[in-house]
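Remarks on the structure that follows.
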Amino acid sequence: MKILQALFFPPEQPGGVSSMVPYIQERFLKKGWDMELFSLPKRVRSKGRDEVQFHTFDWKKYAGNPIVEKYIQTYKDYIWWTKLRLKGTYDLIHAHHPIAALAMKELFPDTPVMITVHSSYERELILNGRIRENGPEVEFLTSIYGELEDRLDKIVTVSESFRVYMSGFIKNGENITVIPNGFDQRRFRPFSHENAVAQLICVCRLVPAKGIDTLLEACSHLKRKGVPFVLHLIGDGPIREELEQMAVDLGIYEDTIFYGYMLHPEEFMPFFDIFVLPSRAEAFGSVFAEAALCLLALVGTEVGGIPEQIENGQSGLLVPVNDSLALVSALEKLIADPDYRYELARSAREKAKRSYSLSRVIQQLSKVYRSYKKDDGHDVSASGAEEDDSSEDGEAGV
């Protein structure tokens, strides 16, 4: 069975999707499956010229809108690049972005195409101040969900929360399958350590949607209360300078380290104590599972897929969005009580190993993929897709 994994960003691009799919491919290749990766390089811009038509709505009523025009041009570019580079045939195409999915269905109409929708572009744009709620861009982008339902063979998403969100824009939301992200546990190695001062770490793109302003406000309260900490911010983005100035203004710049982009933050995380990310929106929030596998105590917000990962008071602490005082209280509890944060960290790690193993994802995807397999009398997956999770876990004694 020949399968194409159609990404939007190249595999080396930072982020949950780009970092996860190559590991999925590696596992399937080891099992004898035939699987390729495909993506749109950054250098491909404004190459596509084909006319775009959707089946369920007329996008041209949004023509002239910069966000919509950029989306449509990117779709044209994906078509252009796909025509140029893909000459073979596939038994199934698994896309990981709406543009990739619709482009593949346009060019391979007789091939089953499924999609995993990993996030909401419209929510990200709203929270980052790029567009307004209920504006024409939101109407256009949410219409894409109906187009996916109409043209694709299967829709998957990464959390029950996001399945419910998408259901508001399509006819049959109950047909969406939820397959949470999974992680190769061999990449995450807890390290026994004791820090004299609590080390807080946050890994994210520096955009308003991630709520780093709330985190800096909370840290300024901690400092005024005499609670010692060091905050490590890994990631880059358009508001980095603004956040650095905010740290200066709040008097916590000397307590905060801005690292910028880091290719493999999971190699760095095990040396810290508390992972905190007060996001304003997350479809899943892969970095929470990654931090849990590094044996960090977790602090997150009550949005999207985060509460599906963190049981408040059991495997981490949850706080309301935009509530810096609640965040102060949560951080203070964990900083003051190392035993408590270690118990939360252990619980979070056990949950992540149990619920977010890469083996579980491979097993679930194998079942979906086989449902599209032509009956040719030969099943490359006969050896089975399920693996013993203990093979991923080199830290059984931690």
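The values are calculated or read from the model by the stated rules, or taken from the named source; none is laboratory data. Worth saying up front: this structure is predicted, and the values here are computed from it rather than measured. Here the Cβ positions follow ideal geometry from the backbone for every residue, glycine too, while neighbour counts run over all protein chains shown. Each accessible area value is taken on the protein alone, full model and side chains, heavy atoms only, with ligands, DNA and RNA left out. Shrake-Rupley method; radii C 1.70, N 1.55, O 1.52, S 1.80 Å.
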Failed item, numbered, when residue 261 is tested on (1) farther than 24 Å from residue 181 by Cα; (2) among the aromatic types (Phe, Trp, Tyr); (3) out of contact with any Leu (no Cβ under 8 Å at 6 or more places or on another chain):
(1)
Residue 355 is checked against (1) modelled with pLDDT of 95 or more; (2) open to solvent by less than 70 Å² (accessible area, probe 1.4 Å) and fails just one. What number does that condition carry?
(1)
For the range 219-231, does any single residue satisfy the condition of being under 30 Å from residue 264 (Cα atoms), of a type in the set (Phe, Trp, Tyr) and open to solvent by 40 Å² or more (accessible area, probe 1.4 Å)?
no
Of everything in the range 188-226 that's of a type in the set (S, T, N, Q) and in a loop (DSSP other than H, G, I, E, B), which residue is farthest from residue 350 (Cα to Cα)?
195
Residue 319 vs. criteria open to solvent by 20 Å² or more (accessible area, probe 1.4 Å), of a type outside the set (Asp, Glu) and within 24 Å of residue 161 (Cα to Cα)
no
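Yes/no matrix, rows are residues, columns are (1) surrounded by fewer than 19 Cβ atoms within 10 Å (Cβ to Cβ); (2) more than 26 Å from residue 124 (Cα to Cα); (3) without any contact (Cβ under 8 Å) to a residue 40 or more places away in the chain:
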| residue | (1), (2), (3) |
| --- | --- |
| 253 | yes, yes, yes |
| 265 | no, no, no |
| 273 | no, yes, no |
| 285 | no, no, yes |
| 294 | no, yes, no |
| 329 | yes, yes, yes |
| 332 | yes, yes, no |
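Take residues that are acidic (Asp, Glu) and in contact (Cβ under 8 Å) with a residue 24 or more places away in the chain and tell me which of the helices (runs of 4 or more DSSP H) falling wholly in the range 67-158 contain 3 or more.
Of the helices (runs of 4 or more DSSP H) lying wholly inside the range 67-158, those with at least 3 residues that are acidic (Asp, Glu) and in contact (Cβ under 8 Å) with a residue 24 or more places away in the chain span 136-151.
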Which ones in the range 94-122 are over 15 Å from residue 78 (Cβ atoms), charged (D, E, K, R) and open to solvent by 30 Å² or more (accessible area, probe 1.4 Å)?
110
Scope the range 312-339; condition assigned to a helix (DSSP H, G or I) and of a type in the set (Asp, Glu); matching residues:
332, 339
In the set 254, 266, 311, 343, which member is among the charged types (D, E, K, R), more than 16 Å from residue 214 (Cα to Cα) and at pLDDT below 95?
266
